[in-house]
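These notes concern the structure reproduced below.
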């Protein structure tokens, strides 16, 4: 307790700095999930994608990032082990933020799309298991995370494959691609409206205190889907088109329609991502601030001090602006060649998987969801369409994220403990 009262202000200051670093890492790495496919399919330039993502990620983080956040991220450790020595939780959360932030900076520099959620969870597991007590970690949760490495990409990959193949059969492989696009694209628009509405409701609005009961959220999403489909049909009908144009010109016209869809899906995913994943940075930071301010009391929920959300939002924007282009290139161009229709299939599949996970409690990584979806689209064109070298590097980076985060966190935990405990 003496440590918290003596060094409280310093500990909060250090936590704010490493919390900003973690948010910076989220912006540099995870934001490519929302924008990578748009850039790879040439629906947006890198500069346009970064500007749009900065706006929507910050809006999601600041407007819907949460009035309260779990003190112990994802319930991965048992707070009972810290009641007698709350300063260990403070040291640990600072170490976890520093470890995860540094790993994300390195991965982003290398262009590796890793999971920010798994980075911070690995770091928390590390300091808790080695620095405090192995029993402080709820290991059953860890098993679910490891299982999600396979389940999440598989689900999104299958959904992306089905969406892309349906577009191929209904539109691209027909005698009149544009005529069929006018007929079927409004349904894809409606499906996108339905899925993205659910993502926003489940991942964003719940943080602002708008708790829409199960069942009602689906009805609202269906209503939005119908409106989007009807409006989409009206706009597509206004597109001037010469039916005598050859197939290649028709394909270009159809892809332009999907390019517009991609921009909309990217904006919604960026907002949902900002509202949800900013908690990876501000959750541990909020824990430190609350433990210090309460004199060592550990609460299950930590109310956010006013400056924490803007700090997280600004960190995400800074990381995206400085390093975001590297991972965007990997997602958008490194795995497989993307067109707007392929990118749309991947983006919609990723959003659908997020909705499924929200409804079932499946632990997911948005990064692995999107990568799996891009792989699914690539597989629809055959294994030769995939850059297997890039895929191998991505899988390796996923596997080492947890142990790297844990190892760095253990080192920083003992350094921090040595500094503050005489």
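Taking the conditions exactly as written (in a helix (DSSP H, G or I) and modelled with pLDDT of 85 or more), does residue 81 satisfy them or not? No. Report yes if residue 380 is more than 23 Å from the chain's Cα centre (by Cα), buried (at least 16 other Cβ atoms within 10 Å of the Cβ) and under 22 Å from residue 161 (Cβ atoms), otherwise no. Criteria met by residue 380. With respect to residue 220, determine if the residue is under 29 Å from residue 54 (Cα atoms) and either over 27 Å from the mean Cα position of the chain (by Cα) or modelled with pLDDT of 85 or more (or both). When the stated conditions are applied, residue 220 passes them.
Given the structure, is residue 114 modelled with pLDDT of 80 or more, buried (at least 23 other Cβ atoms within 10 Å of the Cβ) and not in a helix (DSSP H, G or I)?
On the way: modelled with pLDDT of 80 or more: yes; buried (at least 23 other Cβ atoms within 10 Å of the Cβ): yes; not in a helix (DSSP H, G or I): yes.
It is true that residue 114 is modelled with pLDDT of 80 or more, buried (at least 23 other Cβ atoms within 10 Å of the Cβ) and not in a helix (DSSP H, G or I).
Is it the case that region 280-295 has a residue that's farther than 26 Å from residue 21 by Cβ and modelled with pLDDT under 80?
Going through region 280-295, the residues farther than 26 Å from residue 21 by Cβ turn out to be 295.
Narrowing further to those that are modelled with pLDDT under 80: 295.
Yes, region 280-295 has at least one match.
Take residue 336 and decide whether it is surrounded by 18 or more Cβ atoms within 10 Å (Cβ to Cβ) and outside any helix (DSSP H, G or I). Taking the combined requirement at face value, the residue satisfies it. Of note, residue 149 does not satisfy the criterion of being part of a helix (DSSP H, G or I), out of contact with any strand residue (DSSP E or B) (no Cβ under 8 Å at 6 or more places or on another chain) and buried (at least 22 other Cβ atoms within 10 Å of the Cβ). A search for C-beta distances below 9 Å between a residue of region 293-316 that is on the phi > 0 side of the Ramachandran plot and surrounded by fewer than 17 Cβ atoms within 10 Å (Cβ to Cβ) and any residue that is at pLDDT 85 or above and in a helix (DSSP H, G or I), counting only pairs 6+ apart in sequence or on different chains, returns 295/86. Criterion first (at pLDDT 85 or above, crowded, with 18+ Cβ neighbours inside 10 Å, in contact with a strand residue (DSSP E or B) (Cβ under 6 Å, 6 or more places away or on another chain) and assigned to a helix (DSSP H, G or I)) does residue 160 satisfy it? For residue 160, the condition - at pLDDT 85 or above, crowded, with 18+ Cβ neighbours inside 10 Å, in contact with a strand residue (DSSP E or B) (Cβ under 6 Å, 6 or more places away or on another chain) and assigned to a helix (DSSP H, G or I) - is not met.
Taking residues in region 219-234 that are in contact (Cβ under 8 Å) with a residue 12 or more places away in the chain, and partners anywhere that are outside any helix (DSSP H, G or I), the pairs with Cβ atoms closer than 9 Å and at least 6 places apart or on different chains are 220/212. Looking across region 119-131 at every residue that is out of contact with any strand residue (DSSP E or B) (no Cβ under 8 Å at 6 or more places or on another chain) and surrounded by fewer than 24 Cβ atoms within 10 Å (Cβ to Cβ), the one that is modelled with the highest pLDDT is identified as 130. Residues of region 398-422 that are at pLDDT 90 or above and within 23 Å of the chain's Cα centre (by Cα): 400, 401, 403, 404, 405, 406, 408, 409. One residue is enough: does region 50-64 have a residue meeting the conditions free of Cβ contacts under 8 Å to residues at least 60 places away in the same chain, surrounded by fewer than 19 Cβ atoms within 10 Å (Cβ to Cβ), over 25 Å from residue 117 (Cβ atoms) and out of contact with any strand residue (DSSP E or B) (no Cβ under 6 Å at 6 or more places or on another chain)? Yes - at least one qualifying residue is present in region 50-64. Across region 238-255, which residue is modelled with the lowest pLDDT among those that are within 35 Å of the chain's Cα centre (by Cα) and exposed (fewer than 13 other Cβ atoms within 10 Å of the Cβ)? Looking at the filtered set, the residue picked out is 239. Of the residues making up region 84-126, just one is free of Cβ contacts under 8 Å to residues at least 24 places away in the same chain and either touching a helix residue (DSSP H, G or I) at 6+ places or on another chain (Cβ under 6 Å) or within 12 Å of residue 25 (Cα to Cα) (or both), namely 106. Among the candidates 19, 27, the residue that is over 15 Å from residue 283 (Cα atoms), modelled with pLDDT of 85 or more and crowded, with 18+ Cβ neighbours inside 10 Å is uniquely 27. Considering (1) touching a helix residue (DSSP H, G or I) at 6+ places or on another chain (Cβ under 7 Å); (2) closer than 28 Å to residue 337 by Cβ, the lone condition that residue 23 does not fulfil carries the number (2).
The values are calculated or read from the model by the stated rules, or taken from the named source; none is laboratory data. In this text the structure is predicted, and so the values were computed from the model without any measurement. Glycine also receives a Cβ, built like all others from the backbone with ideal geometry; neighbour counts cover every protein chain displayed.
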